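The structure under discussion appears below in the form of structure tokens.
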Amino acid sequence: MRIDIITIFPNMVDYPLSDSLIGRGRENGIFEIKVHDLRNFTTDKHKVVDDIPYGGGPGMVMKPEPIVEAVRSIDPDHKAMRLITSAGGELFSQKMATDLAKVRWILIVCGHYKGVDQRAVEIAHLREVSIGDYVLTGGEYAAVVMADAILRLIPGTMNDFGSAVDDSHFTGLLGPEEYTRPEVFEGIRVPDVLISGHHENIRKWRFENAISRTQTRRPDLLQGVEPGQELKNKQIG
């Protein structure tokens with residue numbers, strides 16, 4: 001697995017992806033992350049990557065030339081899955097992360113300013129992706145979020161991949177409530193079933209708890225699912 005990220009702020013991307021599980025995976029050669037400064041693909045002495053928008057209005061728009069040049073230079077044969085962070089893109093999800101984890105090479109362009117010249121998106125064949133219905137100062141953190149969500153699923157990144165299977169959204173449901181020691185904290189006791197040692201009862205409790213939490217907090221995740229169908233098709237624990 002290789003991920004290339006094109007940005008005007010390399011440190012905003014490189015530093016977060018150099019720590020924790022992703023940093024260790026990167027250091028151990030489980031996957032490769034390359035961060036590219038978009039300004040290195042400009043042709044003017046001031047390394048300009050933005051300009052005022054046609055039609056007027058506030059803000060600046062990222063120019064198409066550096067983006068297209070960067071993408072073509074890094075991926076000349078179009079072998080990578082090409083993405084661009086965009087507030088108007090399709091919503092990034094656990095399913096998308098799981099699908100992208102099967103791709104050998106991903107290239108992510110970090111959107112910025114008011115947006116990106118649409119011609120860059122079309123000419124470079126960039127798939128627009130958003131991490132949520134809000135706007136950030138730039139696409140760097142969005143790129144980090146996507147890279148983290150994808151790379152943690154690569155075999156060898158986590159010591160115990162089973163922990164990922166229990167994560168919220170991995171099965172389409174929120175994860176169940178979790179507890180650890182001490183057994184009693186400020187008068188609140190861990191549910192008896194979790195310390196019973198009965199693995200099937202524990203699995204069933206986690207399963208039902210996940211369903212309950214999803215119905216209460218994110219009922220939208222269960223839309224279109226027939227009653228009882230989620231119990232048949234999902235597994236937790």
- Query: Quick one: if you stick a label point 7 Å off each Cα along the C-beta vector at Glu186 and Leu91, how many nm between them?
  - Reply: 3.3 nm
- Most fluctuating residue given options Asn209, Asn201, Asn28, as computed from a GNM of the chain linking Cα atoms under 10 Å: Asn201
- Calculated FRET efficiency for the pair Asn28/His125, C-beta based, R₀ 22 Å, to 0.05: 0.10
- Item | Residue-averaged [θ]222 nm for the chain, counting only DSSP H segments that reach four residues, each worth -39500 (n - 2.57) | -9000 deg cm²/dmol
- Most mobile listed residue (Glu27, Glu178, Glu128) in the chain, GNM with C-alpha springs under 10 Å: Glu178
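Using Cβ contacts closer than 10 Å as the measure, can you line up Trp105, Trp205 from fewest to most?
On the way: Trp105 15, Trp205 20.
Least crowded to most crowded, the residues run Trp105, Trp205.
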- Item | Student exercise, the chain dipole from Lys, Arg, Asp, Glu Cβ charges, in Debye to nearest 20 | 320 debye
- Message: In 5 Å bins starting at zero, report the fraction of Cα pairs in the chain per bin as a rounded %.
- Response: 1, 6, 12, 14, 15, 13, 11, 10, 7, 5, 3, 2, 1, 0
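Quick one: Ile67, Ile108, fewest Cβ neighbours within 10 Å first, how do they rank? Provide the component values of the computation, followed by the final result.
Values: Ile67 25, Ile108 29.
Ordered by Cβ neighbours within 10 Å, fewest first: Ile67, Ile108.
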- Message: Could you identify which residue out of Pro182, Pro191, Pro53 has the top mean-square fluctuation in a GNM of the chain using Cα springs shorter than 10 Å?
- Response: Pro182
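Relative contact order for region 2-151 using alpha-carbon pairs under 8 Å, separation at least 6, rounded to a whole percent? Walk me through the numbers on the way to the answer.
Numbers: 256 pairs, mean separation 45.3, N = 150.
For region 2-151, the relative contact order is 30 percent.
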- What's the tally of Lys pairs in the chain whose alpha-carbon atoms lie under 30 angstrom apart, where the two lysines are 8 or more places apart or on different chains? 25
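No value in this document is a laboratory result; all are computed from the given coordinates. Because the structure is a prediction, the values reported are computed rather than measured. Here the Cβ is made from the backbone with ideal geometry for all residues, glycine too, and neighbour counts use every protein chain on show.
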